Amino acid sequence: MQRICVFCGSNPGRDPAYRAAAEQLGRTLAARGIRLIYGAGNIGLMGAVADACLAAGGEVIGVIPEALMGKEVEGRHVEHRTLTRLEVVDSMHTRKARMAELSDGFIALPGGFGTFEEFCEILTWGQLGFHVKPMGLLNVQGFYDPLLAMFDRAVSDGFLRPQNRAMALASTDIDDLLARMADYQPEPVSKWLKAETQL
Ligand code: AMP
């Protein structure tokens with residue numbers, strides 16, 4: 001993996017452990033020569049992961065929709081202005097497609113609706129066979145335990161195939177998550193597409 005997309009909160013979260021994890025992820029990507037792709041935010045965990053990656057000599061590409069450019073949140077510009085490259089796109093949809101195109105894998109740090117939606121959409125695209133890239137949750141402070149339990153519930157209640165549930169990798173540790181992502185073997189999709197519609 002040479003380019004990883006990080007989805008994360010535009011807020012920092014209450015526990016300082018969240019920001020610390022974002023910064024550690026940014027530094028780790030820089031140290032491994034992995035380019036960071038993200039939503040170009042200057043605020044919350046988004047700003048933290050990008051700043052830490054840049055400060056450690058890493059490359060960061062941000063993709064932001066025009067509608068968010070120049071906006072301010074609590075006196076700070078929403079978009080990060082000192083990235084390696086900033087791409088301005090026409091919509092949130094184009095942004096997600098572009099971030100996916102630029103990346104070899106995806107990591108979600110803690111966040112809110114935007115983060116959940118981005119991670120679940122990329123899982124859905126994987127489930128449909130539109131990509132075969134690894135996807136992982138960095139489960140800082142057990143933040144994602146309820147979401148992982150929801151995924152398990154969806155399997156036991158017949159809404160999600162176990163093979164597709166297995167696409168959502170998770171770890172509390174960055175190096176372990178990156179190792180799992182590197183070892184990721186996607187489920188052959190033709191099997192799913194040919195299968196009967198029942199789970
Ligand atoms: P949330 O988890 O709701 O804070 O949303 C964070 C995710 O949504 C990020 O990965 C971004 O792609 C996107 N996003 C939400 N708010 C912003 C913002 N103010 N600036 C840039 N991207 C944002």
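For helix 92-102, report the angle its Cα long axis makes with the longest principal axis of the Cα atoms of the chain; keep it between 0 and 90° and round to the nearest 10°. With rounding to tens, the tilt is 80 degrees.
Toward the positive end of the charge dipole of the chain, with +1 on the Cβ of Lys and Arg and -1 on the Cβ of Asp and Glu, the farthest Cα among Tyr144, Met99, Ala20 is that of Met99. Computed with a 1.4 Å probe over protein heavy atoms only, the accessible surface of the range 70-155 comes to 50 Å² per residue. If R0 is taken as 35 Å, the Cβ-Cβ distance between Thr84 and Ala17 corresponds to a FRET efficiency of 0.80. Charge tally for Ala100 (other residues, Cβ to Cβ under 12 Å; Lys, Arg +1; Asp, Glu -1): +1. Net charge of the neighbourhood of Asp51, taken over other residues with C-beta under 11 Å away and scored Lys/Arg +1, Asp/Glu -1, is +1.
The simple Förster model, with R0 at 30 Å and r as the Cβ-Cβ distance, assigns Phe159 and Glu117 a FRET efficiency of 0.95. Axis angle, to the nearest 10 degrees, between helix 113-127 and the longest C-alpha principal axis of the chain: 40 degrees.
Among the chymotrypsin sites (Phe, Trp or Tyr not before Pro) in the range 76-163, those located in a DSSP loop and surrounded by at most 13 other Cβ atoms within 10 Å of their own Cβ are Phe130, Phe159.
So if I place +1 on the C-beta of Lys and Arg and -1 on the C-beta of Asp and Glu, and nothing else carries charge, what would the dipole magnitude of the chain be about its Cα centre? I want it in debye, nearest 20.
On the way: 20 positive and 24 negative charges, 52 e Å.
Its charge dipole is roughly 260 debye.
The charge dipole of the range 9-68, taken about its Cα centre with unit charges on the Cβ atoms of Lys, Arg (+1), Asp and Glu (-1) only, comes to about 160 debye.
Sparse packing (at most 15 other Cβ atoms within 10 Å of the Cβ) combined with a DSSP loop state is found for the following GluC sites (Glu not before Pro) in the range 3-74: Glu74.
Here, the chain yields an orientationally averaged convex hull projection of 11.0 nm² when only Cα atoms define the hull.
Using the Cβ-Cβ distance between Phe130 and Met69 with R0 set to 30 Å, the FRET efficiency from 1/(1 + (r/R0)^6) comes to roughly 0.60.
Given N residues in the range 9-72, what is Rg(Cα) / (2.2 N^0.38 Å)? Spell out each step's value before the answer.
On the way: Rg = 11.6 Å, N = 64, 2.2 N^0.38 = 10.7 Å.
Expressed relative to 2.2 N^0.38 Å, the Cα Rg reads 1.09.
Computed from backbone phi, the HN-Hα couplings of the range 160-174 come to 9, 6, x, 4, 6, 4, 5, 5, 7, 6, 7, 7, 8, 10, 4 Hz, rounded to whole numbers (Karplus: 6.51 cos²θ - 1.76 cosθ + 1.60, θ = phi - 60°; Gly and Pro given as x).
Counted over the range 1-131, the DSSP beta bridges are approximately 15% antiparallel.
Which value at 222 nm does the chain reach when only helices count, each DSSP H run of 4 or more adding -39,500 (n - 2.57), with the total divided by all residues and rounded to the nearest 500 deg cm²/dmol? Numbers along the way, then the final one.
Details: 8 runs with 86 residues, N = 199.
Calculated from helices alone, the mean residue ellipticity at 222 nm is -13000 deg cm²/dmol.
Compared with the dominant principal axis of the Cα atoms in the chain, helix 145-156 is inclined by about 20°.
How large a share of the accessible area of the range 1-123, in percent, is made up of carbon and sulfur atoms when the probe is 1.4 Å and the other protein chains stay in place?
Values: 2830 of 5520 Å².
Answer for the range 1-123 is 51 percent, counting heavy atoms of protein chains only.
The values are calculated or read from the model by the stated rules, or taken from the named source; none is laboratory data. Small disclaimer: the values here were computed from a predicted structure and weren't measured. Methodologically, a virtual Cβ is constructed for each residue, glycine included, from the backbone with ideal geometry; neighbour enumeration extends over all protein chains shown. Just so you know, the surface numbers come from the protein's heavy atoms only, side chains and all, with ligands and any DNA or RNA stripped out. Shrake-Rupley method; radii C 1.70, N 1.55, O 1.52, S 1.80 Å.
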